[in-house]
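The values are calculated or read from the model by the stated rules, or taken from the named source; none is laboratory data. Quick caveat, the model's predicted, so the values are computed rather than measured. Here the Cβ is made from the backbone with ideal geometry for all residues, glycine too, and neighbour counts use every protein chain on show. Ligands, DNA and RNA are stripped out before the accessible areas are found, and what is left, the full protein with its side chains, is counted by its heavy atoms. Shrake-Rupley method; radii C 1.70, N 1.55, O 1.52, S 1.80 Å.
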Amino acid sequence: MDTWSRGRVTLVGDAAYSPGPAVGGGTGLAVVGAFTLAHHLIRHDHVTAYRRTEQAMTGAVRQARKVAPAALRQLVPTGDVAARVAPHVLRLLASLPPTFLRAAFALQGADRVRLDDFVRPPPTARHLRTSSDADGRDRSERAGAARLQGHRGLLEGEPPASKETCMRRALAGAAAAAALTAAVLPTAAMAGNQIGINVVLTSDLTAGQQAELSTFGRINNSHPELDALTMRADEADLDDIRALPYVEAANADVPVTTGPVETSPFEDTLEGIATWNTDQIDVYDQAAAGDPREVAETGEGVYVAVLDTGLLRTWPHYFGTEHVAEELGISFGGGGGERGHVSSQPNKWQRDTNSHGTHVISSILGYNLDGAAVAGVAPQATVIPVKVLNQNGSGWSSVVAAGIDYVTDLKVSGALGDAPVVINMSLGGPAPDAFTQAAVERAVANGVLVVASAGNSGAAGMGYPGAYPEVISVAATGWTGQWTNATWWNTGDVADPTTAQEAYVADFSSRALTGQDLDVAAPGSNVVGPYQTNGQVSYYFLSGTSMAAPHVAGALALMAEANPGLTATEAESALEQSALPIGAGSREVLDGTGAPTTVSWGADATGAGLMNVPAAIELVR
């Protein structure tokens, strides 16, 4: 037998036990304390006290399953710990090696620990006095401190019992010390790599399911209309969450970003009404006298929600206040588990310092260029600014999903009347997210038209949500006449969308991989608009599918004005049928420095081709 004495407690163990991989002292104490104390409370009907220890016990379960050897993990229950833990307690504790028990007592000085220091004993408890030991020491211990599961604690002078009985008795005293240790251990010692997790359920969340999910971590937000929720939990528990029978899908919250933005060395822009990008899709003709508009629709009566970085403080200078729905503007923050929840911040949407969202909106509404009006695709639409990305232009898919759901709620509630609603998302992440897809599906099912950029990853494939089939995704095109002279952007003669010879697909524009759905292409290479880098009013040429998407969102506003009952399926079909096929090819173009370069692309880069706005409108009238 392997014995070890400390103070007035003697441990007796079987020397033949194999220690196996060591269990960390802090974790071991938490496991012993939480399990043993919980079982004691159950037996003595201390229901309230038991509930208080349930969270600590659950954390111990999770940690034990991570650090213990495989055989021990099989004994540690998962799921509803409160209902399952009792039958496993003795088997778990009896399987721990003596070295573990020594650590527990050594860390706590267990010679004076009593369970009733934490839980009042049952009314039948009494004091127990024993005879003096060989050194003449007289000891007394409260019976409540020596009793666990009906067994009397191991006191010096008692004859040794079986291995299992001895260990059970010894752990009765250790449990209270361990429970105290678990209570004061730093949170970081008990937790693994905490991440945000998005969960989509098979049906409505029940109280029992919520309780079980809570054993894995903290539930942050519930979205009952999507049968979805967000939570913060250990990354190692993701597979266990996915395996729950009522979970349809679960994944880590996916980071999303606007993607890298290419700025031009040219900052000087000249007066003008039409620009090359509105000319390429045949909304304006910048070569004709007076830059005439080629379509009758203006977007009037249509809402376009832009989910992005929000607007600069100076946004009224660029857009005025007539066509921005200030009362509906909102900001969402959090996500990724780092703040524990997705929060709504009503006033932050107009405190952006990134400028990305402001530039995106300028393609829809147009903008004031130092007193000259530069026209947008849908200049009389009403924009709803929804900030879902932070000041660095990045964020989380759970926040994007919350933004989508906010817009859908506006539509469903009747807050927007019968007005058509379009969502533009010039953003994307590298992986699909069940939460975001559920939000997109709900939006589309309720009549919202959803547009997203394809991404700026070239041959690496499209981003999400752009790659979802329900979303109208957009690739980026350019014009071969770019940078040929100082005023090319607003005075050049851009060919009408009847020939593809003057259009090219940008090399950064994401190609569609197998299973991804790329719909159309629109101007996205060297689009000028308001963009501030020093807090002062300024304008930049930007390139990205982020610039292409709002051209399509603006076109959808025109199409919805012509046909207010337009569905997502009808809109996508009209855009694809009317698009000018580009086909795989190469073009010789000039870059921003005037140097010639060759741009090439394949059939996977174009979708149905270059958007033709007048033709698409005619198809939906």
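Along the principal axes of its C-alpha atoms, what lengths does region 275-364 span, in descending order and rounded to whole Å?
Computed over the Cα atoms, the extents are 56, 23, 22 Å.
With the alpha-carbon atoms as the only input, what is the per residue convex hull volume for region 578-621 in Å³?
Working: hull volume 3.6 nm³, N = 44.
Cα-based convex hull of region 578-621, divided per residue, equals 82 Å³.
At q = 0.21, 0.26 Å⁻¹, what log₁₀ I(q)/I(0) does a Debye calculation on the Cα points of region 323-414 give, no solvent, two decimals?
Treating every Cα as an identical point scatterer, log10 I(q)/I(0) equals -1.09, -1.38.
Which value results for Rg/Rh of region 362-473 when Rg is the Cα radius of gyration and Rh the Kirkwood radius based on the inverse mean 1/r? Working shown, then result.
Working: Rg = 15.0 Å, Rh = 15.1 Å.
Answer for region 362-473: 0.99.
Could you order Ile384, Ile582 by accessible surface area, starting with the largest, using a probe radius of 1.4 Å?
Putting Ile384, Ile582 in descending order of accessible area: Ile582, Ile384.
Using only the alpha carbon atoms of region 420-497, find the Kirkwood hydrodynamic radius as the inverse mean reciprocal pair distance, in angstroms to one decimal.
Details: mean 1/r = 0.0686 Å⁻¹.
Hydrodynamic radius (Kirkwood, Cα only) of region 420-497 equals 14.6 Å.
Extending each Cα 7 Å along its Cβ direction at Ala459 and Ala431, get the distance between those two points in nm, one decimal.
2.4 nm
Accessible area of region 274-318 with a 1.4 Å probe: how many percent of it is carbon plus sulfur?
On the way: 630 of 1320 Å².
C and S fraction of accessible area: 47 percent.
Quick one: which residues, 5 or more positions from Asp591 or on another chain, have an amide H under 5 Å from its amide H? H modelled 1.01 Å from N in the peptide plane, none for Pro or chain starts.
For Asp591, whose amide H was placed from the backbone, the distant partners under 5 Å are Thr597.
Carbon-plus-sulfur fraction of the accessible area of region 411-455, 1.4 Å probe, in percent?
Of all accessible area on region 411-455, carbon and sulfur atoms account for 52 percent.
Whose amide H sits under 5 Å from the amide H of Leu369, counting only residues 5 or more places off or on another chain, with H placed in the peptide plane?
Val374
Convex hull volume of the Cα atoms in region 506-594, per residue, in Å³?
Details: hull volume 14.0 nm³, N = 89.
It is 157 Å³ per residue.
With the alpha-carbon atoms as the only input, what is the per residue convex hull volume for region 413-454 in Å³? Can you show the working numbers first?
Numbers: hull volume 3.4 nm³, N = 42.
Given the Cα convex hull of region 413-454, per-residue volume reads 80 Å³.
With all protein chains present, how much of the accessible area of region 498-592 (probe radius 1.4 Å) comes from carbon and sulfur, to the nearest whole percent?
Details: 1410 of 3090 Å².
Looking at region 498-592 in its full context, I get 46 percent from C and S.
How do Thr230, Thr567 stack up against each other in accessible area, from largest to smallest, with a 1.4 angstrom probe?
Working: Thr230 5, Thr567 60 Å².
In descending accessible area the options line up as Thr567, Thr230.
Pulled fully out, how much extra length does the chain show between Ser343 and Ala603, if you take 0.36 nm times their separation in residues and subtract their Cα-Cα distance?
Numbers: separation 260, 0.36 × 260 = 93.60 nm, distance 4.17 nm.
Fully extending the segment from Ser343 to Ala603 adds 89.4 nm.
When the chain is fully extended, how far beyond the present Cα-Cα distance does Ser413 get from Thr498, taking 0.36 nm per residue of separation? Working shown, then result.
Numbers: separation 85, 0.36 × 85 = 30.60 nm, distance 4.22 nm.
Length gained between Ser413 and Thr498: 26.4 nm.
Would you work out the charge dipole size for region 276-338 about its Cα centre, treating the Cβ of every Lys and Arg as +1 and the Cβ of every Asp and Glu as -1, and quote it to the nearest 20 debye?
Values: 2 positive and 12 negative charges, 51 e Å.
About 240 debye.
Under the Kirkwood approximation applied to all pairs of distinct alpha-carbon atoms, what is the hydrodynamic radius of region 447-548 in Å?
With all distinct Cα pairs of region 447-548 included, I get 14.7 Å.
Given that compact globular proteins tend to follow 2.2 N^0.38 Å, what is the ratio of the alpha-carbon Rg of region 321-371 to that value? Kindly include the intermediate steps, with their values, before the conclusion.
On the way: Rg = 13.9 Å, N = 51, 2.2 N^0.38 = 9.8 Å.
Dividing the Cα radius of gyration by 2.2 N^0.38 Å gives 1.42.
For the full complex of protein chains and a 1.4 angstrom probe, list Glu572, Glu327 by accessible area with the highest value first.
Numbers: Glu572 35, Glu327 140 Å².
Putting Glu572, Glu327 in descending order of accessible area: Glu327, Glu572.
Highest first, please rank the peptides 241-250, 417-426 by the mean number of other Cβ atoms sitting within 10 Å of their residues. List each step's numbers first, then the result.
Working: 241-250: 15.9, 417-426: 24.0.
In decreasing order of mean packing, 241-250, 417-426 become 417-426, 241-250.
From the P(r) of region 532-578, could you give the percentage of C-alpha pairs in the tail past 16 Å?
Working: 586 of 1081 pairs.
Cα-Cα pairs of region 532-578 separated by over 16 Å account for 54 percent.
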